[in-house]
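Below: one structure, written as structure tokens.
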Amino acid sequence: MMLERPRRNRKSAAIRGLIRETKVTVDDLVYPLFVQEGKGVKDEIASLPGNFRWSLDTLIKEIGACVDLGLKSFMVFPKVDDALKDGLGSYGTNRDNYYLKVAREIKKAHPHITLISDVALDPYSSDGHDGIVVDGRVDNDASVALLQQMSVLQAEAGFDILGPSDMMDGRIGAIREALDEEGFADTSIMSYTAKYASALYGPFRDALDSAPVDRSDVPKDKKTYQMDPANKTEALREAELDMVEGADFLMVKPALHYLDIIHLLKDNYNLPIAAYHVSGECAMVLAASQKGWLDYNQIMPETLLSIKRAGADVLISYFAKDYAQLRRKG
Ligand code: PBG
């Protein structure tokens, strides 16, 4: 006789639904979007099919369509014209820049959504780095001073949550202090806590044309500030600092290759854990699906589910809209 038969709890869709431990809801999702100057723009990103660079007008409509599907949180990244880039990423701290205008207009059109920014210099930097390059190195403290300015401008423009993606030391505390001093105590910070120097950011860098430039006086990669993919303990150290410095969310990035890190932070911290399912992770699934090697409507939800099961409370993914659409269809 066999007393234990686990299959009894799998015998119908209804029973499986009853005991399902993890469910991804549309509330869990953040949808990253790209914006550039112009009108009527909907420019597909070749390495991230189904994702586009929008102009303000088309972006506002796209967000409206997503809101109709139940999505409530959006992250926006700017594609900046090369002519506006310089070594200091000055356009990023220019009060009149397009990104800040976009934020104001989005919040005007959709006041109830949660709008999340990107705090880093790379979209504006002619060197393609998240900080300033001084004597061939990315200078931490000089970069943090600029990130503080950028943050205050973003808070003023109406972003609900700021997302420092730069990995400079001490930036969370410095940004928190600058925000509080300027009267933005209610503006949240979602820290890119454990952001790894991953090969999975390729399509994102294509979208923004933001990769480190190939010049002998500029570091060729981001390994002196983004984390070594081999390290786990160091993620705890970064999390500890972010918590003490006042972060409201801790983020792990990328997600799927770093599920152990998501789990580790979830187990050790009481802050909500966000996972950024990055462009290259989505590109792999999209490419295999386009070839007919994987079934997109099955692998896509399984992917998001895995990230949530590992411990993520917030899922940032280019699949957000497709997932909301799939759920809508039932
Ligand atoms: C840079 C930034 C990157 C991403 C978000 N912010 C890329 C990088 O570090 O070069 C990647 C996101 C993605 O790949 O989807 N501040």
(request) Have a look at Ala239, Ala235, Ala247 and point out the one that is in contact with a helix residue (DSSP H, G or I) (Cβ under 9 Å, 6 or more places away or on another chain), part of a loop (DSSP other than H, G, I, E, B) and surrounded by 15 or more Cβ atoms within 10 Å (Cβ to Cβ). (result) Ala247
(request) Scan (1) assigned to a helix (DSSP H, G or I); (2) open to solvent by 20 Å² or more (accessible area, probe 1.4 Å) for the single condition Trp293 breaks and write down its number. (result) (1)
(message) Can you find a residue that is open to solvent by less than 10 Å² (accessible area, probe 1.4 Å) and more than 29 Å from Asp82 (Cβ to Cβ) anywhere in region 195-214?
(response) no
(message) So Arg237 passes all but one of these: (1) within 26 Å of Ala185 (Cα to Cα); (2) touching a Gly at 6+ places or on another chain (Cβ under 7 Å). Which condition number does it fail?
(response) (2)
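Might you check whether a residue that is open to solvent by less than 60 Å² (accessible area, probe 1.4 Å), more than 30 Å from Ser125 (Cβ to Cβ) and not in a loop (DSSP other than H, G, I, E, B) occurs anywhere in region 27-39?
Narrowing region 27-39 to residues open to solvent by less than 60 Å² (accessible area, probe 1.4 Å): 28-36, 38.
Now narrow it down to the ones that are more than 30 Å from Ser125 (Cβ to Cβ): 28.
Filter once more, keeping what is not in a loop (DSSP other than H, G, I, E, B): 28.
Among the residues of region 27-39, at least one is open to solvent by less than 60 Å² (accessible area, probe 1.4 Å), more than 30 Å from Ser125 (Cβ to Cβ) and not in a loop (DSSP other than H, G, I, E, B), which makes the answer yes.
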(message) Please verify whether Ala235 is touching a residue at least 12 places away in the same chain (Cβ under 8 Å), farther than 25 Å from Arg95 by Cα and within 13 Å of the ligand (Cβ to nearest atom), treating the condition exactly as stated.
(response) no
(message) Please determine whether any residue of region 217-231 is within 8 Å of the ligand (Cβ to nearest atom) and either touching a Leu at 6+ places or on another chain (Cβ under 6 Å) or closer than 17 Å to Asp122 by Cα (or both).
(response) yes
(request) Kindly indicate whether Val285 is in a helix (DSSP H, G or I), within 16 Å of the ligand (Cβ to nearest atom) and either modelled with pLDDT of 95 or more or surrounded by 17 or more Cβ atoms within 10 Å (Cβ to Cβ) (or both). (result) yes
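Could we say that Lys23 is of a type in the set (Lys, Arg), closer than 25 Å to Cys282 by Cβ and not in a helix (DSSP H, G or I) here?
Yes.
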(message) So if I check each of Gly163, Gly136, which one is out of contact with any helix residue (DSSP H, G or I) (no Cβ under 8 Å at 6 or more places or on another chain) and under 20 Å from Leu100 (Cβ atoms)?
(response) Gly163
(request) Scan region 251-277 residue by residue and report those that are open to solvent by 30 Å² or more (accessible area, probe 1.4 Å) and either part of a strand (DSSP E or B) or within 16 Å of the ligand (Cβ to nearest atom) (or both). (result) Leu256, His257
(message) Can you confirm whether Asp82 is under 27 Å from Ala145 (Cα atoms) and open to solvent by 30 Å² or more (accessible area, probe 1.4 Å)?
(response) yes
(request) Within region 45-74, count every residue that is within 24 Å of Val26 (Cα to Cα), surrounded by fewer than 16 Cβ atoms within 10 Å (Cβ to Cβ) and among the acidic types (Asp, Glu). (result) 1
(request) Return the residue satisfying two criteria in turn: it lies in region 183-202 and is away from the ligand (no atom under 11 Å from the Cβ) and not in a loop (DSSP other than H, G, I, E, B), and of such residues it is nearest to Tyr258 (Cα to Cα). (result) Ala194
(message) Please count how many residues of region 123-140 are out of contact with any Phe, Trp or Tyr (no Cβ under 7 Å at 6 or more places or on another chain), closer than 20 Å to Thr193 by Cβ and open to solvent by 10 Å² or more (accessible area, probe 1.4 Å).
(response) 1
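The values are calculated or read from the model by the stated rules, or taken from the named source; none is laboratory data. Only a predicted model underlies this, so the values are computations on that prediction, with no experimental measurement involved. Cβ atoms come from the backbone with ideal geometry, glycine included; neighbour counts cover every protein chain shown. Surface areas here come from the heavy atoms of the whole protein model, side chains and all, with no ligands, DNA or RNA. Shrake-Rupley method; radii C 1.70, N 1.55, O 1.52, S 1.80 Å.
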